[in-house]
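Only one structure is covered here, and it is reproduced in the block below.
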Amino acid sequence: MLIRRPTALPSSEITDSAIYASRRDFIRTLLLGAGTAGFGLSHGADADDRTGQSLGSLINSPFSLHDDKPTPFKSMTSYGNFYEFGPDKESPAKHAHRLRTRPWTVTVDGEVKAAKTFAIEDILNWAPLEERIYRMRCVEGWSAVVPWVGFPFSELLKRVEVTGNAKFVEFWSLADPEQMPYIRLPLLDWPYREALRLDEARHPLSIIAVGMYGEVMPKQNGAPLRLVIPWKYGFKGAKSIVRIRFVEKQPETTWIKSSPDEYGFYSNVNPDVPHKRWSQSHERRLGEFLKRKTLPFNGYAEQVAGLYAGMDLRKNF
Ligand code: MTE
(Lines give C-alpha, C1' and ligand atoms only; values in the text may rest on other atoms or scores of the structure.)
Protein backbone atom coordinates (compact mmCIF):
# COMPACT_ATOMS: atom_id res chain seq x y z
CA MET A 1 0.00 0.00 0.00
CA LEU A 2 1.17 3.48 -0.65
CA ILE A 3 0.13 6.17 1.72
CA ARG A 4 -0.81 9.31 -0.13
CA ARG A 5 -1.13 11.48 2.89
CA PRO A 6 -1.03 9.56 6.15
CA THR A 7 -3.99 10.37 8.39
CA ALA A 8 -3.51 12.93 11.08
CA LEU A 9 0.09 13.24 10.13
CA PRO A 10 1.39 16.71 10.82
CA SER A 11 4.98 15.56 11.25
CA SER A 12 7.08 16.22 8.17
CA GLU A 13 9.50 13.61 9.46
CA ILE A 14 7.02 10.79 8.97
CA THR A 15 5.71 12.05 5.64
CA ASP A 16 9.26 12.14 4.40
CA SER A 17 9.94 8.56 5.38
CA ALA A 18 6.77 7.33 3.64
CA ILE A 19 7.61 9.23 0.46
CA TYR A 20 11.20 8.07 0.70
CA ALA A 21 10.07 4.45 0.97
CA SER A 22 7.79 4.64 -2.07
CA ARG A 23 10.48 6.45 -4.09
CA ARG A 24 12.97 3.80 -3.19
CA ASP A 25 10.53 1.12 -4.33
CA PHE A 26 10.04 2.95 -7.60
CA ILE A 27 13.77 3.32 -8.24
CA ARG A 28 14.39 -0.29 -7.29
CA THR A 29 11.66 -1.45 -9.67
CA LEU A 30 13.28 0.52 -12.48
CA LEU A 31 16.71 -0.88 -11.70
CA LEU A 32 15.46 -4.42 -11.55
CA GLY A 33 13.38 -3.92 -14.65
CA ALA A 34 16.57 -3.16 -16.55
CA GLY A 35 17.92 -6.65 -16.00
CA THR A 36 16.54 -10.11 -16.29
CA ALA A 37 16.90 -10.89 -12.61
CA GLY A 38 13.61 -11.77 -10.90
CA PHE A 39 11.81 -8.95 -9.16
CA GLY A 40 11.09 -10.65 -5.85
CA LEU A 41 14.15 -12.83 -5.62
CA SER A 42 16.42 -9.86 -5.65
CA HIS A 43 15.03 -8.61 -2.35
CA GLY A 44 15.77 -10.07 0.97
CA ALA A 45 19.30 -9.37 2.07
CA ASP A 46 17.81 -8.95 5.55
CA ALA A 47 15.10 -11.55 5.30
CA ASP A 48 14.52 -14.16 7.94
CA ASP A 49 14.77 -17.56 6.46
CA ARG A 50 12.33 -20.42 6.99
CA THR A 51 10.78 -20.80 10.43
CA GLY A 52 11.86 -24.44 10.43
CA GLN A 53 8.72 -25.37 12.38
CA SER A 54 6.72 -27.85 10.36
CA LEU A 55 2.92 -27.93 10.70
CA GLY A 56 2.82 -31.69 10.26
CA SER A 57 0.75 -33.49 7.68
CA LEU A 58 -1.60 -31.25 5.76
CA ILE A 59 -4.75 -31.92 3.78
CA ASN A 60 -4.55 -30.95 0.12
CA SER A 61 -7.41 -28.57 -0.48
CA PRO A 62 -9.69 -28.89 -3.50
CA PHE A 63 -9.47 -25.08 -3.67
CA SER A 64 -5.74 -25.14 -4.45
CA LEU A 65 -4.44 -23.91 -7.79
CA HIS A 66 -2.15 -26.29 -9.58
CA ASP A 67 -1.60 -24.43 -12.83
CA ASP A 68 0.81 -21.84 -11.47
CA LYS A 69 4.08 -22.36 -9.71
CA PRO A 70 4.33 -20.99 -6.18
CA THR A 71 6.25 -17.79 -5.60
CA PRO A 72 9.67 -18.43 -4.05
CA PHE A 73 9.44 -18.50 -0.27
CA LYS A 74 12.08 -15.86 0.11
CA SER A 75 10.20 -13.39 -2.09
CA MET A 76 7.18 -13.72 0.17
CA THR A 77 9.14 -13.21 3.37
CA SER A 78 11.38 -10.39 2.24
CA TYR A 79 8.97 -8.10 0.40
CA GLY A 80 5.65 -7.15 1.91
CA ASN A 81 3.48 -4.80 3.90
CA PHE A 82 3.18 -4.84 7.67
CA TYR A 83 3.10 -1.20 8.67
CA GLU A 84 3.37 -1.93 12.38
CA PHE A 85 6.99 -2.78 11.51
CA GLY A 86 7.51 0.13 9.10
CA PRO A 87 6.26 1.48 5.76
CA ASP A 88 9.14 0.15 3.67
CA LYS A 89 8.67 -3.19 1.88
CA GLU A 90 11.75 -4.58 3.61
CA SER A 91 10.81 -3.31 7.07
CA PRO A 92 8.70 -6.32 8.17
CA ALA A 93 11.56 -8.76 7.52
CA LYS A 94 13.93 -6.49 9.45
CA HIS A 95 11.78 -5.82 12.49
CA ALA A 96 9.16 -8.55 12.85
CA HIS A 97 11.52 -10.72 14.93
CA ARG A 98 10.37 -8.48 17.81
CA LEU A 99 6.88 -9.96 17.65
CA ARG A 100 6.12 -12.44 20.45
CA THR A 101 3.65 -15.05 19.19
CA ARG A 102 3.25 -16.92 22.51
CA PRO A 103 1.22 -16.54 24.62
CA TRP A 104 -1.41 -15.43 22.08
CA THR A 105 -5.15 -15.19 22.37
CA VAL A 106 -7.96 -14.08 20.07
CA THR A 107 -11.06 -12.50 21.57
CA VAL A 108 -14.34 -12.91 19.69
CA ASP A 109 -17.01 -10.42 20.71
CA GLY A 110 -19.65 -7.97 19.49
CA GLU A 111 -22.82 -9.53 18.09
CA VAL A 112 -22.34 -12.95 19.69
CA LYS A 113 -24.40 -14.59 22.43
CA ALA A 114 -21.30 -14.83 24.63
CA ALA A 115 -17.88 -13.29 24.00
CA LYS A 116 -15.03 -15.80 24.10
CA THR A 117 -11.26 -15.72 24.19
CA PHE A 118 -9.37 -18.55 22.50
CA ALA A 119 -5.74 -19.50 22.99
CA ILE A 120 -3.72 -20.07 19.82
CA GLU A 121 -2.96 -23.65 20.93
CA ASP A 122 -6.71 -24.40 20.89
CA ILE A 123 -7.27 -22.61 17.59
CA LEU A 124 -4.60 -24.78 15.97
CA ASN A 125 -6.70 -27.82 16.92
CA TRP A 126 -10.01 -26.55 15.55
CA ALA A 127 -9.72 -28.39 12.27
CA PRO A 128 -7.25 -30.44 10.26
CA LEU A 129 -4.86 -28.00 8.63
CA GLU A 130 -5.14 -27.63 4.87
CA GLU A 131 -2.67 -26.43 2.31
CA ARG A 132 -4.35 -23.89 0.06
CA ILE A 133 -2.35 -22.71 -2.92
CA TYR A 134 -3.88 -19.33 -3.64
CA ARG A 135 -3.26 -16.55 -6.09
CA MET A 136 -2.75 -13.25 -4.22
CA ARG A 137 -2.91 -9.71 -5.65
CA CYS A 138 -1.72 -6.56 -3.90
CA VAL A 139 -3.40 -3.26 -4.72
CA GLU A 140 0.05 -1.88 -5.58
CA GLY A 141 0.33 -4.16 -8.61
CA TRP A 142 2.40 -7.10 -7.41
CA SER A 143 1.06 -10.59 -7.04
CA ALA A 144 2.10 -14.02 -5.80
CA VAL A 145 1.06 -17.66 -5.63
CA VAL A 146 1.26 -18.83 -2.05
CA PRO A 147 0.75 -22.23 -0.41
CA TRP A 148 -0.99 -21.01 2.74
CA VAL A 149 -1.77 -23.38 5.59
CA GLY A 150 -4.98 -22.88 7.53
CA PHE A 151 -8.64 -23.70 7.80
CA PRO A 152 -11.89 -22.09 6.66
CA PHE A 153 -13.04 -19.05 8.62
CA SER A 154 -16.37 -20.85 9.08
CA GLU A 155 -14.68 -23.09 11.70
CA LEU A 156 -14.93 -20.11 14.05
CA LEU A 157 -18.69 -19.94 13.50
CA LYS A 158 -18.98 -23.46 14.95
CA ARG A 159 -17.52 -22.16 18.21
CA VAL A 160 -19.41 -18.90 18.80
CA GLU A 161 -23.08 -18.15 18.39
CA VAL A 162 -23.56 -14.99 16.37
CA THR A 163 -26.76 -13.02 16.94
CA GLY A 164 -29.24 -12.24 14.19
CA ASN A 165 -27.83 -8.68 14.10
CA ALA A 166 -24.39 -9.74 12.90
CA LYS A 167 -23.94 -8.58 9.29
CA PHE A 168 -20.21 -7.83 9.18
CA VAL A 169 -17.08 -9.13 10.85
CA GLU A 170 -14.07 -7.05 11.85
CA PHE A 171 -10.50 -8.28 12.28
CA TRP A 172 -8.19 -6.40 14.62
CA SER A 173 -4.43 -6.82 14.51
CA LEU A 174 -2.19 -6.57 17.56
CA ALA A 175 -1.06 -2.99 18.30
CA ASP A 176 1.71 -3.20 20.88
CA PRO A 177 4.30 -0.43 20.68
CA GLU A 178 6.77 -2.53 22.67
CA GLN A 179 6.91 -5.15 19.93
CA MET A 180 5.85 -3.07 16.94
CA PRO A 181 8.00 0.06 16.76
CA TYR A 182 5.93 1.93 14.15
CA ILE A 183 2.77 1.82 16.28
CA ARG A 184 4.26 4.84 18.02
CA LEU A 185 3.87 6.83 14.79
CA PRO A 186 0.48 7.86 13.41
CA LEU A 187 1.21 6.26 10.03
CA LEU A 188 -2.18 4.55 10.09
CA ASP A 189 -5.11 4.47 12.46
CA TRP A 190 -4.03 1.68 14.84
CA PRO A 191 -4.89 -1.02 15.57
CA TYR A 192 -4.95 -2.21 11.94
CA ARG A 193 -8.55 -3.21 11.22
CA GLU A 194 -10.18 -4.88 8.26
CA ALA A 195 -13.68 -6.22 7.75
CA LEU A 196 -15.85 -8.44 5.56
CA ARG A 197 -19.54 -8.89 5.06
CA LEU A 198 -20.58 -12.01 6.96
CA ASP A 199 -21.40 -13.98 3.81
CA GLU A 200 -17.96 -13.13 2.37
CA ALA A 201 -16.31 -14.38 5.56
CA ARG A 202 -18.37 -17.56 5.44
CA HIS A 203 -17.38 -18.29 1.84
CA PRO A 204 -15.34 -21.52 1.69
CA LEU A 205 -12.39 -19.68 0.09
CA SER A 206 -11.98 -17.41 3.16
CA ILE A 207 -9.37 -18.83 5.47
CA ILE A 208 -7.57 -18.17 8.69
CA ALA A 209 -3.97 -18.96 7.87
CA VAL A 210 -1.47 -20.15 10.48
CA GLY A 211 1.38 -20.99 8.15
CA MET A 212 2.73 -21.02 4.63
CA TYR A 213 4.95 -23.34 2.57
CA GLY A 214 4.20 -26.12 5.08
CA GLU A 215 5.66 -24.22 8.03
CA VAL A 216 4.53 -22.05 10.91
CA MET A 217 3.73 -18.54 9.65
CA PRO A 218 6.80 -16.30 9.48
CA LYS A 219 6.36 -13.29 11.74
CA GLN A 220 6.57 -10.79 8.89
CA ASN A 221 3.67 -12.55 7.15
CA GLY A 222 1.34 -12.23 10.13
CA ALA A 223 2.14 -14.89 12.73
CA PRO A 224 0.57 -16.56 14.52
CA LEU A 225 -2.64 -16.16 12.50
CA ARG A 226 -3.98 -13.94 9.75
CA LEU A 227 -6.80 -13.71 7.29
CA VAL A 228 -6.43 -14.72 3.62
CA ILE A 229 -9.15 -13.78 1.12
CA PRO A 230 -7.82 -14.61 -2.35
CA TRP A 231 -10.32 -12.67 -4.48
CA LYS A 232 -9.62 -9.36 -2.71
CA TYR A 233 -6.62 -7.06 -2.69
CA GLY A 234 -4.06 -8.19 -0.12
CA PHE A 235 -4.79 -5.43 2.36
CA LYS A 236 -8.04 -7.16 3.37
CA GLY A 237 -5.90 -9.88 4.97
CA ALA A 238 -5.23 -8.54 8.46
CA LYS A 239 -2.11 -9.99 10.06
CA SER A 240 -1.43 -11.07 13.65
CA ILE A 241 -5.10 -10.97 14.64
CA VAL A 242 -6.07 -10.58 18.32
CA ARG A 243 -9.73 -9.66 18.04
CA ILE A 244 -12.62 -10.71 15.81
CA ARG A 245 -15.75 -8.64 16.29
CA PHE A 246 -19.15 -9.26 14.73
CA VAL A 247 -21.08 -6.07 14.04
CA GLU A 248 -24.33 -4.90 12.55
CA LYS A 249 -23.16 -1.95 10.46
CA GLN A 250 -20.44 -1.79 7.83
CA PRO A 251 -17.34 -0.84 9.85
CA GLU A 252 -14.77 1.77 8.98
CA THR A 253 -11.49 0.05 8.20
CA THR A 254 -7.93 1.28 8.56
CA TRP A 255 -7.31 1.95 4.86
CA ILE A 256 -10.71 3.54 4.31
CA LYS A 257 -9.92 5.89 7.18
CA SER A 258 -6.55 6.66 5.63
CA SER A 259 -7.76 7.31 2.04
CA PRO A 260 -11.48 6.75 1.52
CA ASP A 261 -11.34 7.62 -2.18
CA GLU A 262 -8.57 5.07 -2.86
CA TYR A 263 -9.41 2.01 -0.79
CA GLY A 264 -13.00 0.82 -0.80
CA PHE A 265 -14.75 -1.54 1.59
CA TYR A 266 -15.15 -4.38 -0.90
CA SER A 267 -11.70 -4.22 -2.48
CA ASN A 268 -12.48 -7.05 -4.87
CA VAL A 269 -9.72 -7.43 -7.42
CA ASN A 270 -11.19 -5.54 -10.36
CA PRO A 271 -8.96 -4.75 -13.35
CA ASP A 272 -11.63 -2.37 -14.70
CA VAL A 273 -11.53 -0.02 -11.73
CA PRO A 274 -8.22 1.84 -11.63
CA HIS A 275 -6.79 2.92 -8.34
CA LYS A 276 -6.91 6.72 -8.10
CA ARG A 277 -3.19 6.88 -8.96
CA TRP A 278 -2.54 3.86 -11.19
CA SER A 279 -4.16 1.25 -13.40
CA GLN A 280 -5.15 -2.14 -11.98
CA SER A 281 -5.23 -3.87 -15.37
CA HIS A 282 -1.89 -5.71 -15.00
CA GLU A 283 0.27 -7.14 -12.26
CA ARG A 284 3.83 -8.28 -11.78
CA ARG A 285 4.30 -11.57 -10.00
CA LEU A 286 7.07 -11.55 -7.39
CA GLY A 287 10.02 -13.38 -8.90
CA GLU A 288 9.03 -12.57 -12.50
CA PHE A 289 9.92 -9.81 -14.91
CA LEU A 290 7.03 -9.50 -17.36
CA LYS A 291 3.65 -8.21 -16.30
CA ARG A 292 0.53 -10.28 -16.76
CA LYS A 293 -3.14 -9.33 -17.06
CA THR A 294 -5.08 -9.11 -13.83
CA LEU A 295 -8.19 -11.27 -13.76
CA PRO A 296 -11.54 -10.17 -12.32
CA PHE A 297 -11.84 -11.38 -8.71
CA ASN A 298 -8.21 -12.44 -9.12
CA GLY A 299 -9.35 -15.48 -11.12
CA TYR A 300 -11.95 -16.60 -8.56
CA ALA A 301 -15.00 -15.13 -10.33
CA GLU A 302 -16.65 -18.48 -10.83
CA GLN A 303 -16.66 -19.10 -7.10
CA VAL A 304 -17.42 -15.64 -5.71
CA ALA A 305 -19.07 -13.36 -8.30
CA GLY A 306 -22.49 -14.50 -7.03
CA LEU A 307 -21.83 -12.79 -3.69
CA TYR A 308 -22.08 -9.46 -5.48
CA ALA A 309 -25.04 -10.09 -7.78
CA GLY A 310 -26.86 -6.84 -8.47
CA MET A 311 -24.13 -4.64 -7.02
CA ASP A 312 -22.32 -2.02 -9.08
CA LEU A 313 -18.70 -2.99 -8.42
CA ARG A 314 -17.38 0.24 -9.91
CA LYS A 315 -19.17 2.10 -7.17
CA ASN A 316 -18.69 -0.53 -4.48
CA PHE A 317 -14.99 -0.87 -5.24
N1 MTE B 1 -2.01 -6.42 8.38
C2 MTE B 1 -1.49 -5.58 9.30
N3 MTE B 1 -1.74 -5.80 10.60
N4 MTE B 1 -0.72 -4.52 8.94
C5 MTE B 1 -0.46 -4.24 7.63
O6 MTE B 1 0.24 -3.24 7.34
N7 MTE B 1 -0.79 -4.86 5.30
C8 MTE B 1 -1.75 -5.45 4.38
C9 MTE B 1 -2.05 -6.92 4.71
N10 MTE B 1 -2.26 -7.08 6.14
C11 MTE B 1 -1.00 -5.09 6.64
C12 MTE B 1 -1.76 -6.22 7.06
C13 MTE B 1 -1.31 -5.34 2.99
S14 MTE B 1 -1.33 -3.78 2.34
C15 MTE B 1 -0.91 -6.42 2.27
S16 MTE B 1 -0.59 -6.27 0.60
C17 MTE B 1 -0.75 -7.74 2.89
O18 MTE B 1 -0.95 -7.71 4.30
C19 MTE B 1 0.65 -8.28 2.61
O20 MTE B 1 0.78 -9.56 3.12
P21 MTE B 1 2.12 -10.40 2.79
O22 MTE B 1 3.26 -9.55 3.28
O23 MTE B 1 2.01 -11.67 3.54
O24 MTE B 1 2.13 -10.55 1.31
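The values are calculated or read from the model by the stated rules, or taken from the named source; none is laboratory data. Predicted model only: the values in this text are computed from it and were never measured. Note that we place each Cβ from the backbone using ideal geometry, even for glycine, and neighbour counts take in every protein chain shown. Heads up: the accessible areas ignore ligands, DNA and RNA and are worked out on the full protein's heavy atoms, side chains in. Shrake-Rupley method; radii C 1.70, N 1.55, O 1.52, S 1.80 Å.
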Fill in: For the stretch 11-308: relative contact order, % (alpha-carbon pairs under 8 angstrom, 6 or more apart)
21 percent
Discussion item. Accessible area of the stretch 11-308 with a 1.4 Å probe: how many percent of it is carbon plus sulfur?
Written reply: 53 percent
Item to complete: Assign unit charges at the C-beta atoms only (+1 for Lys and Arg, -1 for Asp and Glu), then state the dipole size of the stretch 11-308 relative to its Cα centre in Debye, rounded to the nearest 20.
Response: 240 debye
Practice prompt. Of the listed pairs 257/291; 219/249; 167/219; 167/291; 89/276, which have alpha-carbon separations greater than 27 Å here?
Written response: 257/291; 219/249; 167/219; 167/291
Discussion item. Please compute the Kirkwood hydrodynamic radius over the chain, one decimal place, Å, based on all pairs of different Cα atoms.
Written reply: 19.8 Å
Worksheet, complete the sentence: For the stretch 155-217, listing trypsin sites (Lys or Arg not before Pro) in a DSSP loop whose Cβ sees at most 10 other Cβ atoms within 10 Å gives 158
Response to the item:
Ranked output for segments 113-123, 275-285, 222-232 by mean other Cβ atoms within 10 Å, highest leading, reads 222-232, 275-285, 113-123
Practice prompt. Just grab the label-to-label distance for residue 308 and residue 54, each label 7 Å out from Cα along the Cβ direction, in nm (one decimal).
Written response: 4.1 nm
Discussion item. In Å², and per residue, what accessible area does the chain have when probed at 1.4 Å with the other protein chains present?
Written reply: 43 Å²
Discussion item. Suppose only helical runs count, i.e. DSSP H with n ≥ 4. What mean residue ellipticity at 222 nm does that imply for the chain under -39500 (n - 2.57) per run, divided by all residues and rounded to the nearest 500 deg cm²/dmol?
Written reply: -4500 deg cm²/dmol
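Using the eigenvalues of the Cα gyration tensor, what equivalent ellipsoid semi-axes result for the stretch 134-200 when each is taken as the square root of five times the eigenvalue, whole Å, largest first?
On the way: eigenvalues 129, 86, 34 Å².
Semi-axes, largest first: 25, 21, 13 Å.
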Worksheet entry | Separation of alpha-carbon centers, the stretch 283-298 and the stretch 98-154, rounded to whole Å | 25 Å
